[in-house]
Amino acid sequence: MSMLDGGFNGPRTPSRNRPHGNLNILRIAVFALFAILAAQLVHMQIVKGEEYARRSEQNHITRKDILPVRGVIYDRDGNPLVENVGVYTAVVTPVFLPSLDDEGGEAARYRIYQKIEEITGTPALETAELVKTAEEDRLEYLEIAVAKYLTKEQALRLDEASTEMPGVQLAIKPGRNYVGGTAFSHILGYVSDQRLEDRAKYEELGYELNEPIGREGVEAYYESELRGTKGYTEAEQNAEGTLLESLGTKQPVPGNDLVLAIDMDLQTYVEELLGDTMVDSQAAAAVVMSPKTGEVYALVTLPGYDNNWLNQPDLYEAELAELFKERESWEVKPLLNQALVPQAPGSTFKLITAAAALQEGNITPSTFREVSSMILEIKGENGQIYDFKDWRAHGGLQLREAIAVSSNIYMYMASCGIPQEGIRGLGKDSETSATVLAYYARAFGLGPATGIDIGGEFDGLVPDPRWKREAYSDPMWPSSEREWYYADTCFMGIGQYSVTASPLQIATMTAAVANGGQLLTPHVLKEVRRPDGTLVKDAPVKSETVPVDPQWLQVIREGMRMCATWDWGACGNANKGSWPMAGKTGTAEYTNHNGHLTEHAWFTGFAPYDDPEVVVTVYFETGWGGTKAAPVAGEILKYFEENVAP
């Protein structure tokens, strides 16, 4: 018999030993407990149900973000270029305002709006309209900024009064104060509130609507490093906004600090120097960089602006109106970084022409040319004689001397050749010569933007036959405009025609000549550090090798050195300090808005000659390279030698 059939019977307990009384007591206790619970449930759901439902609707679990402290930006010596400051703002959350459904609710709201006006100056009607719009858009749960940039006195008054103004509170947002003035505006950029067109992008990245973002410059480029991680507090509040219970807090994580390669004193000095020497130029720019690492020590553009204007726009309406006013197409725009805007490079381009000709073998360092006249007469295919001009009769020149005195005729010979004398250019014909020259120009960093870590760059232009056919492909142009001519190659060889390059591109080209053939990516970042000072990472050094034999670059450097030391050299005005320097001037012709032919002034060079530590490139909208740009570059080199060099 199985156990299930009762085949197994354990010992029985005598009935007189079973606890009948205790079991009955337990049954009664359990019944009483359930009766009490049932009664309480009836009380809560029926008697007090309406009250608890109302309280449930009125109490809210709120989560408020705690914005992180944004990383600080320092110069290479640890001087802060920006300060974190608190921006005091009066905010209204419509859901916590007195309800319009309650008796006297509308009047209670208006009294609150009037109190806000009394403290901040924001008209009561304006606040009412902002709240109405938010409620109509069903955004009543979002905070509305009704008064920004409050003074500390206003902030204290609002904070005290907010205890009696449900739905109103003082918000302290992280802000920035840029201490360097106009000299640093284009490098640093600025921080501002998000705009409507930004929302989708930043929402996807996890930003809240009230989080400020970096715009332009370092603030935008390194946003992910500077931002930090937001924290939050969770709490239960009633309909009046009164805290009922704190539910938890997560502390924010501050953003990382940035140490820039920029030298604050050098940047300020260069800005003042350019400003004092602009004379009739509308614009000027200078780049000071390392030919070893690509670090940018200074990058200056004039005219400039104060980035605090854009950081706190409500305080600088007049200044911003002037900054953004409509300008003629020829007028210089302060928002543009002139160091990143391409212009005709003039004779600074001859360094590329010389490198291309040496590498291609159509000239040697000892190739001789007698430049006995300022005019080289070239007979065209149509039999007409064309005058190709130099800026003076230089006499007999080899390549080094041609670089030193900046001979146009010598560089015509090196680039497009002199067919009537049987002298071949860079290629078998004008188109091929231009294509070869364009290849080397791009290899030295002209054309596409350099990729500097502040953004705002424009591509330069390296023309070639293909470009010309495409640029003039519209039927409005006669077919003759699409043809590439011998003269196009010649003028390209001296940095004219349609060639354009920014001062930064000319600086990186010069650095490649100075360091023996490494085209560096310029960068303003030196290091990323945590708020406690520990190193996160160094800025990487990026470079590509230019396709020119180092021996030919040495020849070009020797020519640049002669430019500074030779009696007939064009760079003598740049000799200011004790470091031996080498350089190249540039004077690029262009037609101004009045139809008059005028010139851009350029100088680019490096020092010390034997072991270059620094490249300096200077550009002025008007002037001659040897007399306007070269002296300024010399002063910058001297300052660097005496105050910045390790």
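Working from the alpha-carbon coordinates of the range 119-162, get Rg over Rh, Rh being the Kirkwood radius.
Taking Rh as the inverse mean 1/r over Cα pairs, Rg/Rh reads 1.03.
Within the range 548-581, find all residues whose amide N lies under 17 Å from a label point positioned 7 Å from the Cα of Glu642 along Cα-to-beta-carbon.
Counting only backbone N, you get 574-581.
Using label points projected 7 Å from each Cα along Cα→Cβ, tell me how many nm separate Thr364 and Glu135, to one decimal.
If labels sit at Thr364 and Glu135, their model points lie 9.2 nm apart.
Restricting everything to alpha-carbon atoms, can you work out Rg to Rh for the range 269-335 with a Kirkwood hydrodynamic radius?
Ratio of gyration radius to Kirkwood radius: 1.06.
Determine by what factor the alpha-carbon radius of gyration of the range 382-521 differs from 2.2 N^0.38 Å, reporting the quotient.
The range 382-521 yields a ratio of 1.15.
Give the separation of the Cα centroids, the range 308-353 to the range 416-462, in Å.
Here the answer is 27 Å between Cα centres.
Can you list the lysines whose alpha carbon is less than 18 Å from that of Lys250, not counting same-chain residues fewer than 8 positions off?
Hits, sequence-local ones excluded: Lys64, Lys173, Lys230.
Given all pairs of different Cα atoms, what value in angstroms does the Kirkwood hydrodynamic radius of the chain take?
For the chain, inverting the mean 1/r across all distinct Cα pairs yields 29.9 Å.
What are the lysines whose alpha-carbon lies under 26 Å from the alpha-carbon of Lys468, with same-chain residues fewer than 8 places away excluded?
Excluding near neighbours in sequence, the set is Lys350, Lys379, Lys389, Lys428.
How large is the accessible surface per residue of the chain, computed with a 1.4 Å probe and reported in Å² as a whole number?
49
Give, in nm to one decimal, the length gained when the segment between Tyr232 and Ala161 is fully stretched (0.36 nm per residue of separation minus the Cα-Cα distance).
Length gained, Tyr232 through Ala161: 23.1 nm.
I need the calculated FRET efficiency for the pair Thr432 and Leu335, taking r as the beta carbon distance and R₀ as 51 Å, to the nearest 0.05.
0.80
For Asp280 and Thr627 in one chain, what is 0.36 nm times their gap in residues minus the Cα-Cα distance, to one decimal in nm?
123.5 nm
When the helix-only estimate is applied to the chain (DSSP H runs of n ≥ 4, each -39,500 (n - 2.57), divided by the residue count), what is the mean residue ellipticity at 222 nm, nearest 500 deg cm²/dmol?
The per-residue figure over the chain is -9500 deg cm²/dmol.
Between the range 599-614 and the range 566-593, how far is it from one alpha carbon centroid to the other, in angstrom?
First find each Cα centre; the distance between them is then 9 Å.
Order these peptides, 255-265, 528-538, 359-369, by their mean beta-carbon neighbour count within 10 angstrom, highest first.
Going by the mean number of other Cβ atoms within 10 Å, highest first, we get 255-265, 359-369, 528-538.
Return the carbon/sulfur percentage of the accessible area of the range 260-319, one whole number, probe 1.4 Å, all protein chains in place.
48
For the pair Val179/Asp474, report the inter-label distance in nm, with labels modelled 7 Å from Cα in the Cβ direction.
Result for the modelled spin labels: 5.1 nm.
Between Arg327 and Asn592, what length in nm is gained on full extension when 0.36 nm per residue of separation is reduced by their alpha carbon distance?
93.8 nm
Which whole-Hz couplings ³J(HN,Hα) result when phi for each residue of the range 492-499 is put into the Karplus expression 6.51 cos²θ - 1.76 cosθ + 1.60, θ = phi - 60°, listed in order with x for Gly and Pro?
Listing the rounded values in order: 4, x, 10, x, 10, 6, 9, 5 Hz.
Share of the range 505-646's accessible area from carbon and sulfur, percent, 1.4 Å?
Here carbon and sulfur together make up 46 percent of the probe-accessible area.
Which three numbers, in whole Å and largest first, are the semi-axes of the equivalent ellipsoid of the range 161-267 derived from its Cα gyration tensor as √(5λ)?
34, 16, 14
If I take every Cα pair under 8 Å that is 6 or more residues apart in the chain, average their sequence separation and divide by the length, what percent do I get for the relative contact order?
Relative contact order of the chain: 13 percent.
Mean projection of the alpha-carbon convex hull of the range 299-346 over all orientations, in nm²?
4.2
Give the calculated FRET efficiency between Gln554 and Ala487 to the nearest 0.05, with a Förster radius of 35 Å applied to their Cβ-Cβ distance.
E between Gln554 and Ala487, to the nearest 0.05, is 0.65.
Report, in whole Å, the centroid distance computed from the Cα atoms of the range 474-537 and the range 110-146.
Using only Cα atoms to place each centre, the spacing works out to 52 Å.
At Arg466 and Lys201, where each label point lies 7 Å from the Cα along Cα→Cβ, what is the point-to-point distance in nanometres?
Those two pseudo-labels are separated by 3.1 nm.
The values are calculated or read from the model by the stated rules, or taken from the named source; none is laboratory data. This is a predicted model, so every value here is computed, not measured. Note that each Cβ is placed from the backbone with ideal geometry, even for glycine, and that neighbours are counted across all protein chains shown. Keep in mind that these areas ignore ligands, DNA and RNA; they rest on the heavy atoms of the full protein, side chains included. Shrake-Rupley method; radii C 1.70, N 1.55, O 1.52, S 1.80 Å.
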